[in-house]
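What follows draws every value from the coordinates through simple rules; no lab data is involved. Please read all numbers here as calculations on a predicted model, not as lab measurements. Neighbour counts run over all protein chains shown; Cβ positions are idealised from the backbone, glycine included.
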Amino acid sequence: MPTVPRKTDLIPIGEMARRTGLSVSAIRFYEDKRLIEPVRTSGNQRRFLRSDIRRVSFILIAQQLGLSLGAIKDELAKLPHGRTPNARDWRMISRSIRGHIDERIAQLERTRDRLDGCIGCGCLSLKKCAIYNPDDRLADQGPGPRQIISSRAA
């Protein structure tokens, strides 16, 4: 049975916005997506656990890494409800998204290394396309910049 949070452990939505640097509407959006869950007062006002500041910080970082809101929700669901996540809980999440981070790093490195040359878009407009993409063979892998977005490009 989850413990009832102490009143001092709860903060109003305005304080959550101030502490996270988000607008109140952004916090409500995350609530609507069930990424964070406020406690409701007897007057139906939103109150958040202080630990939700860290959850929102995780959401912001995960979005910067390119995780979808669905993937973020799945990761946050692994955290305990009714208590502040501890270091072990956050390490578990970190290990879980490490593969995504590694793929993102590889994609950025491919972009850096190939952006001034062929990006495999299938345009065949550069003289180099005859070398990098003869007969538009990258079109068989799908549309768009295959040399950059495909994990098989490396």
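Taking the Cα centre of the chain as origin and assigning +1 to Lys and Arg Cβ atoms and -1 to Asp and Glu Cβ atoms, the resulting dipole is close to 680 debye. In the chain, helical runs assigned H by DSSP with n ≥ 4 each contribute -39500 (n - 2.57); averaged across all residues and rounded to the nearest 500, the mean residue ellipticity at 222 nm is -14500 deg cm²/dmol. Which one of A17, F48, I59 is farthest out on the positive end of the charge dipole of the chain, using unit charges on Cβ (Lys, Arg +1; Asp, Glu -1) and the Cα centre as origin? Sorting the options by dipole projection puts first F48.
A Förster distance of 22 Å, applied to the separation of the beta-carbon atoms of R88 and I53, puts the FRET efficiency at 0.70. Listed from fewest to most Cβ neighbours within 10 Å, the set E75, E103 follows the order E103, E75.
Here Rg/Rh (Cα atoms, Kirkwood Rh) was calculated from the structure, and among [x] 0.97; [y] 1.18; [z] 1.23 it sits at label [y]. With neighbours defined as other Cβ atoms within 10 Å of a residue's Cβ, the residues H100, H81 order from fewest to most as H81, H100. For segment 62-69, backbone phi angles converted through the Karplus equation (6.51, -1.76, 1.60; θ = phi - 60°) give residue-by-residue couplings of 4, 5, 4, 7, x, 5, 6, 4 Hz, Gly and Pro being listed as x. Look at R146, R18 and count the other Cβ atoms within 10 Å of each Cβ; fewest to most, that gives R18, R146. 3J(HN,Hα) along segment 36-43: 9, 10, x, 8, 9, 7, 4, x Hz, from the Karplus curve 6.51 cos²θ - 1.76 cosθ + 1.60 with θ = phi - 60°, whole Hz, x for Gly and Pro. Output the 0 to 90 degree angle, nearest 10, between the alpha-carbon long axis of helix 87-114 and the longest principal axis computed from the alpha carbons of the chain. Helix 87-114 and the main axis of the chain meet at about 30 degrees.
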